[in-house]
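Here the structure is laid out as structure tokens; the discussion comes afterwards.
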Amino acid sequence: MDYNFHEIEKKWQKYWEDNNTFKTPEDLTNPRKCYILDMFPYPSGAGLHVGHPEGYTATDIFSRYKRMKGFNVLHPMGWDAFGLPAEQYAIQTGTHPSITTRNNCDTFRRQIKELGLSYDWEKEINTTDPKYFKWTQWIFIRLYNTWFDDKLQKGRPISELIIPNGIKKKEKVKYINSRRLAYYDNASVWWCPHCCTVCANEEVLNDGSHEKCGNRVEKRNLKQWMLRIPLYAERLLKGIDKLDWPEGIKDMQRNWIGRSTGAEVDFRIEGLNINLTVFTTRPDTLFGATYMVIAPEHPLIGSITTDEYKNSVNNYIKATSLKSDLDRTDLAKEKTGVFTGRYAINPVNRKQIPIWVADYVLTGYGTGAIMAVPAHDTRDFEFAQKFNLPIVCIQDPDVADPDQKKRILEGNECWTEDGKYINSSDKTTGIDINGLNKAAGVAQITRWLESKNLGTSKVNYKIRDWLFSRQRYWGEPFPVIHWEDGEVTVMNDDDLPLELPELENYLPGESGESPLSNSDEWLNITDKTGRKGRRETNTMPQWAGSCWYYLRFIDPKNDKLIFDKEKEKYWMPVDLYIGGAEHAVLHLLYSRFWHKVLFDLGIVSTDEPYQRLFNQGMILAFAYETESGSRVSGELVDEREGKYFQKETGAELKQIVAKMSKSLKNVVNPDDVTSKYGADSLRLYEMFMGPLDVTKPWDEKGVKGVFGFLGRAFRFLSNPENVFVGEEDAEILKGLHQTIKKVGWDIENLHFNTAISAMMIFLNLSTKKGKITTDTACTFTQILSPFAPHIAEELWQILGNNKTLAYEPWPDFNEEYLKEDSFNYPVSFNGKMRFNIELPVSLTKEEIIKIVLADERSQKWIGAAIPSNIIVVPNRIVNIVIKG
RNA sequence: GCCCGGAUGGUGGAAUGGUAGACACGCAGGACUUAAAAUCCUGUGACCAUUACGGUUGUGCGGGUUCAAGUCCCGCUCCGGGUACCA
């Protein structure tokens, strides 16, 4: 019988749909549950690309396998459908984004269904659906009404916030607002003039361009919604350790949070009654602090600067404010700065040190001021050299090179590693750390500072408040009203959702107002007392919907609650979460943050949302370049003897591997692959290409390979002449059970490429033998089914079964069949393999040595010499060591 | 600069410290066919032999540990990802 994949795939997709085969079990008593989640896609107008099915197939195989293992499986799909493209399209054509979104979702759903993925479509969600974003708004209200109790390291309802005595009524609101997890305030934010919206720091690329559109961004001062994610820094950091995530991703999150320990130290300012507080990770180097630097935006800059230096400092501030952040942070640029005319007192030795202003000190980190230790900090060293500030070495460096040592001791080279302190004592203050090493020095100085009330140990984090508003139309509206008397209120839960108004004009205002401000009717509101208010016109960023979608999947149609508590308790946490590494930090960190808040409020039962995470690698594609660098589409290329030529001109081309993109003319459309080879082949190829987590190039020739395998499998197993009832051949039986064992183990570890290879080996064995039993055929079909479900269902039916194999128990392997009575020993001499010898496994080491040495082939390698050592590793290797 | 990851045939890739190159692609030869496609069979790291059931060499480079290293350790090179004046 021919392998007619078109017919087979259509037939079984219809069967699964008609029978609701993959409906999530309602019964919550089965203790074996598995929540398997994909990072849901943004449904773009372009439809699916071959990168999508990679992760989806992986989770699908895992889901099908777990169902066969007897687990209750939750495996849903949905749409992260808010976002700019639909809005841009609305601006151009007037089509409402909801229409564009619906069409795109329809395309995605159709394409996904054609891949035979076993989602429970009753659980489908869409972030743009008011029934969904009602709850996104509901969570925002929770964030707004939560404060973080630092002592308990826990978020608590704002009603439990203790207001310090003596706070006046007006100050009280301010105080409360200063503690909310969500707050509204002026912020210096990145503004993209092209998109007319702000963007988060994370959305600005290294070169200062907007990630979404590629245009240059600029700073603006605007009123924005922010989330106090840094309050959860410690929790987010500690939580990482327990997670079964790739170490690389964990490190990225740790780096992003950026915890550093050190001390805050107060410096008295000469001639003023104020202190300048700095943060340092190296309080031990206080004796080497020869000057101080404050950021140009430092609040004390006005008071510190002396009259004489006002002009130059003001000019400097003006100059830096004109610089973009990009210019300021460009390391290649020379450091700049000016003297303020003022001096501070170094607390350890009472020495006067000058205070400078320089933009290499950032206002947003630490206290926005530093003590500069040029001898032991490369940035300070650079600055001191340029401005001829003193460089005092206070550590005898641990280096062997005497020349280098001399340079360091003389202050001509910077030393940031460990060493023994010198010049680090003072009689008047009574402190002395000379001779100590770094760890001891840090501890002693910190203790001394704390005892003298001059400083405290302190932990700082790089992570900043999360800019949470966008000047867009197509996003979740904030359930917030700004009243004419200045009060800000959030809506009642009962009044949610706050839906988006219909608009004629989707263009954002250049002033930083979202298109929502165009709708007067929606915008203006009056309360019972006649007080006028205006709705918040910003909308939430795209992250909002994806921050918690995994929770809604549990109970997507619940219109009373965000989800049923019992269901949440049963299904959470997500057992396997697969998606691209591009979300390593942002989505996963934001999502963890929200989850922890919900956990603190008792809304969810787990502290972390995603127990096991895996990142699939990107799929690249070959592209062809002419000598001049222009790109040639793959169809216009001839391959001859491993070289590539342009069909038209005959010119030789260079083959490169690159991201799929329109400009490279190397995009592969999954629909084309499916129509040519079928969904099972596409699935199998995506898994067979290589390990799931690495980037790998798409090669259509590889699809042919797995297509051939499926064809052979189908022709062999569907032919009654090959399948018989009776006793199975021992070799086949052994091969089958090896395959069961390997495939099961590989699926658990997401090693799909080697699982497929094992099945190929078994099929090759079977076809060589010519005949297998019906039992063997059925078992093989079962283990193939998670990978290539359509063909497996068809074969299952041909083999005489009458219902879906989706819930057939996964076959067990029998160790008995795997046992060998002999082993083909490789025999090596001095580690070099020379020949093989088949020996019974029951032999002792001595017996093995005897037989091997007696073998004539051994004589050739031993000759007249005497073996000095013979290593026998049972069932592995024999190694004979000969000296001389 | 710092943090991660990687480098294995013509290609994608296999290998709990134990026979490097499984499996697949490609290529070559053969069968079937009027022919092609499809399918099936055989061979295929390189080099040297080809009288062999032969030998040499080989996992980015240089050292080391070990009876034995693609795998472990030290020092590099190159490539990819993240991050960056974070005190």
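The values are calculated or read from the model by the stated rules, or taken from the named source; none is laboratory data. These numbers come from a predicted model, not from an experiment. Reconstructed Cβ throughout: ideal geometry from the backbone, glycine too, with neighbour counts over all protein chains shown. These area figures cover heavy atoms from the full protein model, side chains too; ligands, DNA and RNA do not enter into them. Shrake-Rupley method; radii C 1.70, N 1.55, O 1.52, S 1.80 Å.
What to note about this one:
- Surface/4 of the Cα convex hull for the stretch A:715-871, nm²: 12.3 nm²
- The ratio of the alpha-carbon radius of gyration of chain A to the globular-protein estimate 2.2 N^0.38 Å is 1.18.
- A:Ser321 accessible area, 1.4 Å probe, all protein chains in place, Å² to nearest 10: 80 Å²
- Accessible-area ranking of A:Leu389, A:Leu276, largest first, probe 1.4 Å: A:Leu389, A:Leu276
- Calculation over all alpha carbon pairs of the stretch A:173-273 in 5 angstrom steps from 0 returns a P(r) of 2, 10, 13, 12, 14, 18, 16, 9, 4, 2, 0, 0 percent.
- The stretch A:661-721: relative contact order in percent, alpha carbon pairs under 8 Å with at least 6 residues between: 27 percent
- Note, ³J(HN,Hα) from phi for the stretch A:745-756, Karplus 6.51, -1.76, 1.60, rounded to Hz, x at Gly and Pro: 5, 5, 5, 4, 9, 6, 9, 6, 4, 7, 5, 5
- Over 24 Å (Cα to Cα) - which of A:Lys69/A:Lys742; A:Lys219/A:Lys250; A:Lys66/A:Lys154; A:Lys131/A:Lys212; A:Lys741/A:Lys768 fall in this group: A:Lys219/A:Lys250; A:Lys66/A:Lys154; A:Lys131/A:Lys212
- Computed over protein heavy atoms with a 1.4 Å probe, the accessible surface of chain A works out to 47 Å² per residue.
- Here the Karplus curve 6.51 cos²θ - 1.76 cosθ + 1.60, taken at θ = phi - 60°, turns the phi angles of the stretch A:180-191 into couplings of 5, 5, 10, 9, 10, 7, 5, 9, 7, 10, 6, 10 Hz, with x standing for Gly and Pro.
- Farthest positive-ward along chain A dipole, Cα basis, beta-carbon charges - from A:Phe622, A:Asn524, A:Tyr65: A:Asn524
- For A:Glu413, the residues 5 or more places off, or on other chains, whose built amide H falls under 5 Å of its own are A:Ile408.
- For A:Arg834, distant residues with modelled amide H under 5 Å away: A:Val827, A:Ser828, A:Phe829
- The relative contact order of chain A comes to 14 percent, based on Cα pairs under 8 Å that sit 6 or more residues apart.
- Positive-end ranking of A:Pro789, A:Asn165, A:Leu576 along the dipole of chain A, with charges on Cβ about the Cα centre, is headed by A:Asn165.
- Protein accessible area in chain A, 1.4 Å probe - carbon and sulfur %: 50 percent
- Gyration tensor over alpha-carbon atoms, the stretch A:842-884, equivalent ellipsoid semi-axes in Å: 19, 12, 8
- The relative contact order of the stretch A:720-817 comes to 36 percent, based on Cα pairs under 8 Å that sit 6 or more residues apart.
- Descending by average beta-carbon neighbour count within 10 Å, the peptides A:357-363, A:490-496 line up as A:357-363, A:490-496, the highest first.
- Helical content of chain A, expressed as a calculated mean residue ellipticity at 222 nm, amounts to -10500 deg cm²/dmol (DSSP H runs of 4 or more residues, -39,500 (n - 2.57) each, divided by residue number, nearest 500).
- If the Kirkwood radius is taken over C-alpha pairs of the stretch A:260-460, then at 4 °C and 1.567 mPa s the Stokes-Einstein diffusion coefficient equals 75 µm²/s.
- Of all aspartates and glutamates in the structure, those lying under 20 Å Cα to Cα from A:Lys168, and not within fewer than 8 positions of it along the same chain, are A:Glu160, A:Asp485, A:Glu487.
- Cα-centred dipole magnitude for chain A, charges only on beta-carbon of K, R (+1) and D, E (-1), debye, nearest 20: 1800 debye
- Among A:586-595, A:699-708, A:517-526, sorting by the average number of other beta carbon atoms lying within 10 angstrom of each residue, highest first, gives A:586-595, A:699-708, A:517-526.
- The GluC sites (Glu not before Pro) of the stretch A:702-769 that DSSP puts in a loop, and whose beta carbon has at most 15 other beta carbons within 10 Å, are A:Glu727.
- Cβ-defined net charge surrounding A:Trp225, 9 Å radius [Lys, Arg +1; Asp, Glu -1]: -1
- Cβ screening of chain A for cysteine pairs under 4.7 Å finds these without a partner: A:Cys34, A:Cys105, A:Cys196, A:Cys199, A:Cys213, A:Cys393, A:Cys414, A:Cys547, A:Cys778.
- Using the Cβ of A:Ser718 as centre and a radius below 12 Å, the other residues enclosed give a net charge of -1, where K and R count +1 and D and E count -1.
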